[in-house]
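Worksheet: one structure, shown below.
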Amino acid sequence: MEILSLLGQGAKGKVWLVGAGPGDVELLTLKAWRILKSADAVLYDALVSQDILDLIPKDAEKIAVGKRAGKHSAAQDEINQLLVTKAYTRKNVVRLKGGDPFIFGRGGEELQTLVEAGVEFEVVPGITAASGTSAYAGIPLTHRDYAQGVTFITGHCQLESRPMDWQGYANPNNTLVVYMGILNAGIIRQGLIDAGRSPQTPVAIVSKATTQSQQCFIGQLDSLEQLAANPQLQMPALMIIGEVVALADSLNWFQPKGESAPDTADAAKIVAKV
Ligand code: SAH
């Protein structure tokens, strides 16, 4: 009865779909910060860094709904429904996501549910992992001499149901950024080489980018699997494939302190040539 009467009144609250950026708290936008400070309830992903979670007001309700590869937590449908429910009972509901909510973030799906339920919303973009990684690892994603374009793809497992366009990704003048690809490094290497991309193409795997635990592993496409299997590699991690990766040698400016990982100081500078 109570829910029905709530539904009858329409949602009182508003949902803010906010990008938290890749980790470094200072990469949060001023708008995201302002909205976070006035949040009544925050639903956040596993990727959102602790420094950013610390900005949430003490009296706000904090709900972890994150997913990590292999570890299932709340199902997407449940998250969508929870957002609607919260919008009926809270004024400022923040849906906080790592990076940018519209890049491999399912932000679109969540908003579609809000539209159906008649809930008001706004979207605040965030710095996506590709941009954060590129900047902090010293790898410009485009460069007039090496890459005229950049493509972001997911290396996540639905490879059979949605075949990858390896021919399209094999263009030597294009940088390829692979999100969620670590577990499929072998398939990605093979797909690209079979489609004609040079096995000597420089590749980087950057983990925990923009944080004090950032590590950068650099090698060549034919060693992608070995790089991905490095026991020191922590999650989340992103792959950058293309000639621009060679620029990291001279443009790599960020010196992480390796705070939460004792071995990272050396590994961070890397770089492992396999
Ligand atoms: N919406 C997010 C991406 C979510 S998909 C964004 O725009 O960044 C999750 C994937 O993002 C991870 O598997 C990893 O490939 C990448 N990722 C996110 N944060 C990262 C970080 N700090 N360092 C490296 N990769 C990261």
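Here are the numbers for the structure shown:
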read-out	value
Region 41-63, subset under 20 Å from Gly107 (Cα atoms) and charged (D, E, K, R), residue surrounded by the fewest Cβ atoms within 10 Å (Cβ to Cβ)	Lys62
Meets criteria (more than 22 Å from the chain's Cα centre (by Cα) and more than 30 Å from Ala39 (Cα to Cα)) for Arg162	no
Qualifying residue in region 198-216 (condition: of a type outside the set (Gly, Ala, Ser), in a helix (DSSP H, G or I) and either out of contact with any Pro (no Cβ under 9 Å at 6 or more places or on another chain) or buried (at least 17 other Cβ atoms within 10 Å of the Cβ) (or both))	no
Qualifying residue in region 81-92 (condition: on the phi < 0 side of the Ramachandran plot, in the same structural domain as Leu28 (by TED's automatic domain parsing) and within 9 Å of the ligand (Cβ to nearest atom))	no
Matching residues, region 93-137, being among the polar types (S, T, N, Q) and either within 9 Å of the ligand (Cβ to nearest atom) or over 22 Å from Ala11 (Cα atoms) (or both)	Thr128, Ser131, Thr133, Ser134
Selected residue [outside the structural domain of Gly98 (by TED's automatic domain parsing) and in contact with an Asp or Glu (Cβ under 6 Å, 6 or more places away or on another chain)] from Thr201, Thr210	Thr210
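For every residue, the table says whether it meets (1) modelled with pLDDT of 95 or more; (2) in a strand (DSSP E or B).
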site	(1), (2)
Ser161	no, no
Thr175	yes, yes
Leu192	yes, no
Gly196	yes, no
Glu259	no, no
Ala267	no, no
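The values are calculated or read from the model by the stated rules, or taken from the named source; none is laboratory data. What you see is a predicted model, and the numbers here were worked out from it, not measured in a lab. Backbone-built Cβ (ideal geometry, glycine too); neighbour counts: all protein chains shown.
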